[in-house]
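Each remark here refers to the structure printed beneath this line.
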Amino acid sequence: MKNRIKELMIEKKISRDDLAHAVGVHPVTISRLISGRIDLSGERLQALAKAFNVSPEAIISDTPVVPMRTVKVVAFVQAGAWAESNELPDEDQFSVAVPQDTDLAKYSLTGVQVRGPSMNLRYPEGTVLVITNAIETQEDIQPGKRYVVERERPDGLREYTVKTLHRDEEGHFWLMPESNDPRHQQPIEVNGDLGDTIRVLGRVVYSLLRED
């Protein structure tokens with residue numbers, strides 16, 4: 001199978017020895033993979049993709065490599081789950097790679113994982129959402145975009161969820177679910193309900209379903 005290992009080594013400025021160390025093989029094995037004398041197994045393909053910080057397809061495709069950036073998944077979003085925090089334990093946190101967007105390059109990005117069915121028509125459970133930091137970007141909220149929001153009750157407990165922003169004819173903003181679950185089909189007014197405080201944490205800029 002033709003591959004782009006040599007091309008990627010030049011592009012990423014990675015030596016044969018350094019690549020071999022990153023993948024956990026002998027340098028001679030890298031040479032044999034480049035020449036095609038050894039087939040690229042799925043395991044080796046994944047290891048090379050991680051070393052180059054590209055998708056596995058980029059190693060065997062002639063399509064130009066898309067620059068990627070790594071984002072850490074540190075929290076979850078789950079409608080109806082009230083808690084003091086939504087942070088994942090350190091051992092459950094992980095990283096994902098997303099395309100490098102020049103418009104987002106100067107901003108930090110955070111990953112959160114969807115739990116529950118509150119947006120299952122759009123984001124199945126387990127989907128990773130990569131979001132901006134609303135305080136950092138200072139961008140105006142836009143109807144039709146999807147946002148991760150924090151809803152705080154008067155007792156201090158918080159709910160973290162993802163919703164689509166909608167503006168009605170009177171100019172009021174609502175957070176709309178996209179779910180087939182009757183428990184999660186009520187819109188939430190952005191101005192708050194029954195004393196709740198609504199905070200927009202960030203806009204969803206990427207979504208991907210993690211493959212375990």
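Can you tell me which residue is surrounded by the most Cβ atoms within 10 Å (Cβ to Cβ) among those in the range 149-186 that are among the hydrophobic types (A, V, I, L, M, F, W, C) and over 17 Å from Glu84 (Cα atoms)?
In this case the residue turns out to be Val162.
Select from the range 114-132 the residues that are of a type in the set (Ser, Thr, Tyr), modelled with pLDDT of 90 or more and surrounded by 22 or more Cβ atoms within 10 Å (Cβ to Cβ) and list them in ascending order.
Once the filter is applied, which keeps residues that are of a type in the set (Ser, Thr, Tyr), modelled with pLDDT of 90 or more and surrounded by 22 or more Cβ atoms within 10 Å (Cβ to Cβ), the range 114-132 yields only Tyr123.
Name the residues in the range 160-204 that are β-branched (Val, Ile, Thr) and within 18 Å of Leu121 (Cα to Cα), would you?
Thr161, Val162, Thr164, Ile188, Val204
Here is a list of conditions, (1) of a type outside the set (Val, Ile, Thr); (2) in the same structural domain as Tyr160 (by TED's automatic domain parsing); (3) in contact with an Asp or Glu (Cβ under 6 Å, 6 or more places away or on another chain), and Ser95 meets all of them except one; can you say which number that is?
Of the numbered conditions (1) of a type outside the set (Val, Ile, Thr); (2) in the same structural domain as Tyr160 (by TED's automatic domain parsing); (3) in contact with an Asp or Glu (Cβ under 6 Å, 6 or more places away or on another chain), the odd one out for Ser95 is (3).
Condition test on Leu8, is it at pLDDT below 95, over 27 Å from the mean Cα position of the chain (by Cα) and not charged (D, E, K, R)?
For Leu8, the condition - at pLDDT below 95, over 27 Å from the mean Cα position of the chain (by Cα) and not charged (D, E, K, R) - is not met.
Six or more apart or on different chains, Cβ atoms under 9 Å: show the pairs whose first residue is in the range 187-204 and under 19 Å from Trp82 (Cβ atoms) and at pLDDT 90 or above and whose second is surrounded by 15 or more Cβ atoms within 10 Å (Cβ to Cβ) and among the small types (Gly, Ala, Ser).
So the pair list comes out as Arg199/Ala134; Val200/Ala134; Leu201/Ala134.
Considering every residue within the range 158-171, establish whether at least one is under 21 Å from the mean Cα position of the chain (by Cα) and among the aliphatic types (A, V, I, L, M).
Yes: the range 158-171 contains one or more residues that are under 21 Å from the mean Cα position of the chain (by Cα) and among the aliphatic types (A, V, I, L, M).
What is the residue count in the range 86-115 for residues that are within 24 Å of Asp181 (Cα to Cα) and in contact with a Lys or Arg (Cβ under 8 Å, 6 or more places away or on another chain)?
Qualifying residue count, the range 86-115: 2.
The values are calculated or read from the model by the stated rules, or taken from the named source; none is laboratory data. Every value quoted in this text rests on a predicted model; they were computed, and no experiment measured them. Don't worry about glycine lacking a Cβ; one is built from the backbone with ideal geometry, like all the others, and counts go over all protein chains shown.
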